[in-house]
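Structure, as structure tokens:
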Amino acid sequence: MIRADGLTKDYGARRAIENLTFEARQGEVVGFLGPNGAGKTTTMRILTGYLPPTYGAAKVAGFDIISESLEVRRRVGYLPETVPLYPDMVVFDYLKFMADLRHLPNAEDMVFEALEMVGMEERAEGYISALSKGMRQRIGLAQALLHKPEVLILDEPTIGLDPAQVVEVRNLIRDIGKERTVLLSTHILSEAQSLCDRVLIINKGHIVAEDSPENLQARLVGAERSILRVKGDADELAPKIAAIAGVQNVKTQVDGALEFQFAPGVDIRPEVARITVNAGYDLLELRPVGMSLEEIFLELTRDTVTPFVPRTPAARRCETATNASRPKKER
């Protein structure tokens, strides 16, 4: 439902994104991750028709974003990071106004349905200016869902929501993603890991990784990891686990549990369990441990982090003195 081919966008001399090629299929939730300034929002604006690309092409719901821009907009629901609302309007009137702009039939029914989806029916007659930031976010999401779009593009959809609202919105996105295409950006990496079928990690305008969170873990770690927890001191058990064929890097954690690695594709946990029990230990826990999406993200984008070094007062005084000694240009 979304297919980008070589998308490139220049802002003057600065290139925001370069040669982005990816797709998001129907019934799939795709996460768009990257540091601030990596090009996520620029890409979303291009896909929704807000910005033209400098080079490249893309199709959304089968329509070209340039030559068939209006058809794309009819089929896309878009929630920008900063929700554009009219604070002096009543919630229902705002959504009805948005429905009329889209020439939706049975507009009032569709407004009530959208409000019900985001849990804001009780605020339908309230002014937008009286809503909290989280509630305004939900009204923005209702606006994006009004016309039951085939493709939903969400820029930080849970920002500003309280924990209960976050759970509700995540469940809503999961339900929508069963039938439609959802592309969302988020800085909450655990959110992407729990919500997304695939993730795209963008760094300095380039896609540096694209896969499911599970496959990214396997590719970067190169081995499976498991935690073994027993009752009592596990120091004497560690050599027995290390002697199992394929086991490597057995180490004792601070809490006394054993962590070990083994080659991917071969599950040796049954053998570990047998040896543990035969050695007279009570087995409390044996579970796999994956590389978190946060670790993957940092691994793939670590070169973008430039530590901020504040200038000392002496350095600022020296800079001021240097600037004052320079000859002024004649106008």
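Laboratory data are not the source of any read-out in this text; all were calculated from the coordinates shown. Small disclaimer: the values here were computed from a predicted structure and weren't measured. As a convention, Cβ positions derive from the backbone with ideal geometry for all residues, glycine included, and neighbour counts pool all protein chains shown.
Assorted remarks:
- Proximal charge balance of GLU156 [Cβ under 15 Å; K/R count +1, D/E count -1]: +3
- If you take all other residues with their beta carbon under 13 Å from the beta carbon of ARG74, and give Lys and Arg +1 and Asp and Glu -1, the sum is +1.
- Calculated on the Cα set of the range 218-289, radius of gyration then Dmax: 11.4, 36 Å.
- Separation of the ASP235 and ILE159 label points, Cα + 7 Å toward Cβ, nm: 5.1 nm
- Debye log10 I(q)/I(0) for the range 54-116, one point scatterer per Cα, at q = 0.23, 0.28, 0.29 Å⁻¹: -1.04, -1.20, -1.22
- Between the beta carbons of ASP175 and MET89, assuming R0 = 25 Å, the FRET efficiency works out to 0.35 to the nearest 0.05.
- Where both bridge residues fall in the range 2-211, DSSP classifies roughly 55% of the beta bridges as antiparallel.
- Residue ranges 175-182, 195-202 sort as 195-202, 175-182 when ordered by packing (mean number of other C-beta atoms within 10 Å per residue, highest first).
- Charged neighbours of GLY39, selected by a Cβ distance under 12 Å, balance to +4 (K, R count +1; D, E count -1).
- Using the Cβ-Cβ distance between ARG274 and GLU214 with R0 = 41 Å, the FRET efficiency computed as 1/(1 + (r/R0)^6) comes to roughly 0.95.
- Exceeding the 25 Å Cα-Cα cut-off - candidates LYS59/LYS178; LYS9/LYS96; LYS40/LYS178: LYS9/LYS96
- Global geometry of the range 2-211, whether rounded, prolate or oblate, following the gyration tensor of its Cα atoms and the 1.5 cut on a/c: prolate
- Ordering 245-255, 117-127 by mean Cβ neighbour count within 10 Å, with the highest value first, yields 117-127, 245-255.
- Efficiency of FRET from Cβ geometry, ARG15 and ARG102, R₀ 51 Å, rounded to 0.05: 0.90
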